[in-house]
1. Collect residues whose amide H, placed 1.01 Å from N in the peptide plane, falls under 5 Å from the amide H of PHE206; neighbours closer than 5 in sequence don't count.
2. If the reach is capped at under 21 angstrom between alpha carbons, list the lysines near LYS184, excluding any in the same chain fewer than eight residues apart.
3. Nearest 20 debye, what's the magnitude of the dipole of the stretch 141-253 about its Cα centre given +1 on Lys and Arg Cβ and -1 on Asp and Glu Cβ?
4. Using Cα pairs closer than 8 Å and at least 6 residues apart in sequence, work out the relative contact order for the chain, in percent.
5. In whole Hz and in residue order, list the ³J(HN,Hα) couplings for the stretch 46-52 that follow from phi through the Karplus curve 6.51 cos²θ - 1.76 cosθ + 1.60, θ = phi - 60°; x for Gly and Pro.
6. For the chain, which whole percent of the accessible surface, found with a 1.4 angstrom probe, sits on carbon and sulfur atoms?
7. Grab the DSSP H runs of the chain that are 4 residues or longer, score each as -39,500 (n - 2.57), total them, divide by all residues and round the 222 nm result to the nearest 500 deg cm²/dmol.
8. Among LYS185/LYS241; LYS26/LYS63; LYS86/LYS170; LYS185/LYS322; LYS26/LYS293, which pairs are too far apart, with a Cα-Cα distance over 24 Å?
Amino acid sequence: MRIAIDGMGGDHAPDEIVLGVTEAAKLNPDATLILVGQKDRLSRPGLPPNVQIVHASQVVEMKEEPVKALRSKRDSSLRVAMTLVKQGGADAVISAGNTGAIVAGALFPLFGLGNLEGVKRPGITIPMPVDGGACAMIDVGANTNAKPLHLIQYAVMGSVYIKYLNPTLKLPRVGILNIGEESKKGTDLQKQVYAYLDKASLNFEFVGNIEPHRMYAGEADVVVCDGFSGNLTLKTAEGVKDFIVKRITSNGATEEVKAATRTATDSLDHSEYGGAPILGVRGVVIKCHGRSKALSITNAVKLAAGFIRGGLNDHIVEELRKLSRFGGAWYSKWFSWSKEEEE
């Protein structure tokens, strides 16, 4: 098992990335961890023997235009890491860098991986903390112009993924992020997806439309949405959390209240899960938060290793084949879109 880590991506690179990889190497002795980036900035005395450094002279900065940066910076740490996976030199890539560049590198075969068999549009999947644990929200930013088939496939991919976070889960509950519970709520996108999933007989339980407050109450294990709505929901949640913490801790709160606040917000810490996988691409891609520190990187390696050992992509392909057989003519019509229609 070989996992490539973008050593130059993120607000705290390279120091926190190297620290996280060092700890992950000790916890995963069966894995070879490949740090990709500027060798003079990544080298440390006493790196574990299962850590290798692959030199890449360039860096995709956080504010660069993603596709342009990947095209022009052929020796960037992100592109080199993606190429390692594409050419079979690694099984997974992890990065806390430029989100758009990570998504572009994962989706476009020209400088990345391309889609997994049967997948129309990959999606970023975030483990959203809710009552009782976490639900998988997909998509949170990769596909802002989603079609019904995309969300239907997200339901399948999300239901496979959530079992890796919760192995005791037998029949995931899948819902559609929406402004109301009724089947006729939302845009044509949500209505068409509802009509299909309501009749489907797949390896999950369809629980209908899910309003955000029901999601946080833990009433679904997987919540599907277009990338625009999902990203907006995610960033609103992060902003509200920061706002509440600031208000509580800056208004004369006692030490007991501050401690209770820290305990409550720790459960919302993205570092506990490591990162967000981009499901539906050839290989394993984990997008870490731009502010990730060592713990997040360590947990991202753990997550990627679990996906590799458990054959995540094989399970996704298997379930999508079942979806195709069930869907009949309607599914075939959507699936046979031309490239021009999708764009």
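The values are calculated or read from the model by the stated rules, or taken from the named source; none is laboratory data. Keep in mind that this is a model prediction, so the values were computed, not measured. Here Cβ is always computed from backbone atoms with ideal geometry, including for glycine, and neighbour counts include all displayed protein chains. Side chains are part of the model used for accessible areas, which takes the heavy atoms of the whole protein and leaves out ligands, DNA and RNA. Shrake-Rupley method; radii C 1.70, N 1.55, O 1.52, S 1.80 Å.
1. The answer is VAL174.
2. Excluding near neighbours in sequence, the set is LYS147, LYS199.
3. For the stretch 141-253, the charge dipole is close to 140 debye.
4. It comes to 21 percent, rounded to a whole number.
5. Running phi through 6.51 cos²θ - 1.76 cosθ + 1.60 with θ = phi - 60° gives x, 4, x, x, 8, 10, 10 Hz.
6. 53 percent
7. Value at 222 nm, helices only: -14500 deg cm²/dmol.
8. Correct reply: LYS185/LYS241; LYS26/LYS63; LYS86/LYS170; LYS185/LYS322.
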